[in-house]
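Taking it in order: structure first as structure tokens, then the write-up.
The values are calculated or read from the model by the stated rules, or taken from the named source; none is laboratory data. All values reported here derive from a predicted model rather than from experimental measurement. Please note: Cβ atoms are built from the backbone with ideal geometry, for glycine as well, and neighbour counts cover all protein chains shown.
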Amino acid sequence: MKLLPIAGINNVANDDALQIGGDNPRLFVKDAINVDISETGRISLRKSESLITNKNYRNIWQSPLHRDVFATLDRQLVKINTLDWSHDVILDHLNHEFICYEVLNNLIFISTVSGIFVYNGFQLEPLTVDNPASPLLESRIEGGTLGTGDYVVAISYSRNGKESGLSEHVQSHIDILGKGDVLQGSLVVQLPYCLDASISEVNIYCSARNGSELRKYGSYPTSTSQVIIDRDDHLGRANQFISMSAMPSGKFMKYWQGRLLTADKNIIRFSQAMAYHLHDERHDFIMLPQRISFILPVDGGIWVGQVDHVVFLSGAEPSEMTFVKKTAHSPIPYSAVEVDSDLIGADISQGGGKTALWLSENGYVIGTSTGQIIELHTSVLNGITAKSGRSVSLGRRLITLVS
């Protein structure tokens, strides 16, 4: 039997169908281990591995921004110098149960169990600002120009221009008995102690008399312990972050349509549009029926891997999104990767848009930007199983490591 050229692997067809004759003879094989098959069908022994460092680096990722290489080492997040495989420590005391990376606005976002961090090339800082505890509020019938009525107060924290969501609001009543509508009352706000040294300011919001809209009274250093609200006629802008909380981290993190999104277990969470550090727990989430095995946004929606199938989410807002089951084949967890039109062609990418590709039990599957799927190897491959996989594009070849 003539062995060349080899057309690839086919473990679906019968043995008699593996050899193709005619003007373009070729031969399929049932399996190929530790060999590479070229485009012309020639077989070459795959190069053996070599040890490049004794350090146990994990979660290695290279940024497309400046080609920096990041990894975890024990309980540290490090940046690696690939010339000698030395490293610089970026973050200590890291829980590396999961970690993922995303480039956004020339910054590197890093999602860990502890939260989401942002690296600007020089330093690492938290993305989110936790909501503060509620202040204590006391009303007085003197010391200001507030009249009889109810007042609502809440506070927020700020770090480098980013403001947290509001604390739980507190309410107090000023009652200047027997003096008509005399404007002489005040409110004493006792601020909670701030344990985060990176917080720069405390913002105080107050309502007008018998009002409900919280408007800014002022900003103060975190060392401030007490503030007296003595007037309500110069309140500033209304707070836009009511009911917001810090954006939670997740095993998966991506950017889509002006929002940061994370996923863990069977829930996808979305940040506020253009406010990546904030999340509305009431509306900014989608719950899926099964555990999520990958997420990959494209122009028209989001591809989401489930335990035994893949779905496509579409819609402009998280609360309006619908999902459609697109394939009943099990995807390999973590194997999804975004590919460009140079690799798959403009026809498949439908004009050069973002295209998703993942490894499934029946070979590679392409998910287009409009929600269509193309199963590339469904007639020649099946039975691929793995607990996880990582895909990387090397030139015009895609390689997925599975374990």
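Being in a strand (DSSP E or B) and among the polar types (S, T, N, Q) is the filter; apply it to the range 339-362 and report the residue that is modelled with the lowest pLDDT. Looking at the filtered set, the residue picked out is 355.
In the range 146-153, is there at least one residue being under 23 Å from residue 260 (Cβ atoms), surrounded by 13 or more Cβ atoms within 10 Å (Cβ to Cβ) and not assigned by TED's automatic domain parsing to the domain that holds residue 277? Before you say what the answer is, go through the steps one by one.
Going through the range 146-153, the residues under 23 Å from residue 260 (Cβ atoms) turn out to be none.
Checked against the condition, which is being under 23 Å from residue 260 (Cβ atoms), surrounded by 13 or more Cβ atoms within 10 Å (Cβ to Cβ) and not assigned by TED's automatic domain parsing to the domain that holds residue 277, the range 146-153 yields no hits at all.
Annotation: residue 334 fulfils all but one of (1) under 21 Å from residue 312 (Cα atoms); (2) modelled with pLDDT under 95; (3) among the hydroxyl-bearing types (Ser, Thr, Tyr); the unmet one is (2).
Only one of 200, 212 is among the small types (Gly, Ala, Ser) and touching a Ser or Thr at 6+ places or on another chain (Cβ under 9 Å); which?
Result of the check over 200, 212: 200.
Only one entry of 335, 388, 319 meets the criterion of being surrounded by 16 or more Cβ atoms within 10 Å (Cβ to Cβ) and either in the same structural domain as residue 254 (by TED's automatic domain parsing) or out of contact with any Ser or Thr (no Cβ under 8 Å at 6 or more places or on another chain) (or both), and that entry is 335.
Annotation note: of 360, 403, 369, the sole residue that is farther than 20 Å from residue 266 by Cα, free of Cβ contacts under 8 Å to residues at least 60 places away in the same chain and hydroxyl-bearing (Ser, Thr, Tyr) is 403. If you check 353, 305 for being of a type in the set (Gly, Ala, Ser), in contact (Cβ under 8 Å) with a residue 24 or more places away in the chain and touching a helix residue (DSSP H, G or I) at 6+ places or on another chain (Cβ under 9 Å), only one passes: 353. Considering the conditions (1) in a loop (DSSP other than H, G, I, E, B); (2) of a type in the set (A, V, I, L, M); (3) more than 19 Å from residue 254 (Cα to Cα); (4) touching a strand residue (DSSP E or B) at 6+ places or on another chain (Cβ under 6 Å), residue 65 is excluded by exactly one of them, (3).
Picking from residues in the range 128-143 that are in a loop (DSSP other than H, G, I, E, B), touching a strand residue (DSSP E or B) at 6+ places or on another chain (Cβ under 8 Å) and at pLDDT 95 or above, the one that is farthest from residue 202 (Cα to Cα) is 128.
For the residues 153, 182, the requirement of being at pLDDT 95 or above and not small (Gly, Ala, Ser) singles out 153. Just one of the listed residues (97, 125) is part of a strand (DSSP E or B) and exposed (fewer than 15 other Cβ atoms within 10 Å of the Cβ), namely 125.
Residue check: is residue 115 closer than 30 Å to residue 25 by Cα, surrounded by fewer than 18 Cβ atoms within 10 Å (Cβ to Cβ) and not assigned by TED's automatic domain parsing to the domain that holds residue 160? Here the answer is no, as residue 115 does not meet what is asked. Within the range 363-381, being in contact with a Gly (Cβ under 8 Å, 6 or more places away or on another chain) and either assigned by TED's automatic domain parsing to the domain that holds residue 63 or assigned to a loop (DSSP other than H, G, I, E, B) (or both) holds for 368, 369, 370, 371, 376, 377, 378, 380, 381. Pairs are defined by a Cβ separation below 8 Å, a sequence spacing of at least 6 or placement on different chains, a first member in the range 238-253 that is in contact (Cβ under 8 Å) with a residue 60 or more places away in the chain, and a second member that is assigned to a loop (DSSP other than H, G, I, E, B) and among the acidic types (Asp, Glu); the pairs so defined are 243/281; 245/281; 246/130.
Taken over the range 144-156, residues that are part of a strand (DSSP E or B) and touching a residue at least 60 places away in the same chain (Cβ under 8 Å) amount to 8. Taking the listed residues 27, 77, the one that is without any contact (Cβ under 8 Å) to a residue 60 or more places away in the chain, in contact with a Lys or Arg (Cβ under 8 Å, 6 or more places away or on another chain) and part of a strand (DSSP E or B) is 27, with no other qualifying. Is it the case that the range 201-209 has a residue that's exposed (fewer than 15 other Cβ atoms within 10 Å of the Cβ) and either out of contact with any Leu (no Cβ under 9 Å at 6 or more places or on another chain) or part of a strand (DSSP E or B) (or both)? Checked against the condition, which is being exposed (fewer than 15 other Cβ atoms within 10 Å of the Cβ) and either out of contact with any Leu (no Cβ under 9 Å at 6 or more places or on another chain) or part of a strand (DSSP E or B) (or both), the range 201-209 yields no hits at all.
Could you say whether any residue in the range 225-239 is outside the structural domain of residue 319 (by TED's automatic domain parsing), among the aliphatic types (A, V, I, L, M), surrounded by fewer than 17 Cβ atoms within 10 Å (Cβ to Cβ) and part of a loop (DSSP other than H, G, I, E, B)? Scanning the range 225-239, I find no residue that is outside the structural domain of residue 319 (by TED's automatic domain parsing), among the aliphatic types (A, V, I, L, M), surrounded by fewer than 17 Cβ atoms within 10 Å (Cβ to Cβ) and part of a loop (DSSP other than H, G, I, E, B), so the answer is no.
Candidates in the range 282-312 are the residues that are under 21 Å from residue 370 (Cβ atoms) and over 16 Å from the mean Cα position of the chain (by Cα); of these, the one that is surrounded by the fewest Cβ atoms within 10 Å (Cβ to Cβ) is 299.
When only residues in the range 363-376 that are surrounded by 16 or more Cβ atoms within 10 Å (Cβ to Cβ) and under 18 Å from residue 8 (Cβ atoms) count, which is modelled with the lowest pLDDT? Selected residue: 376.
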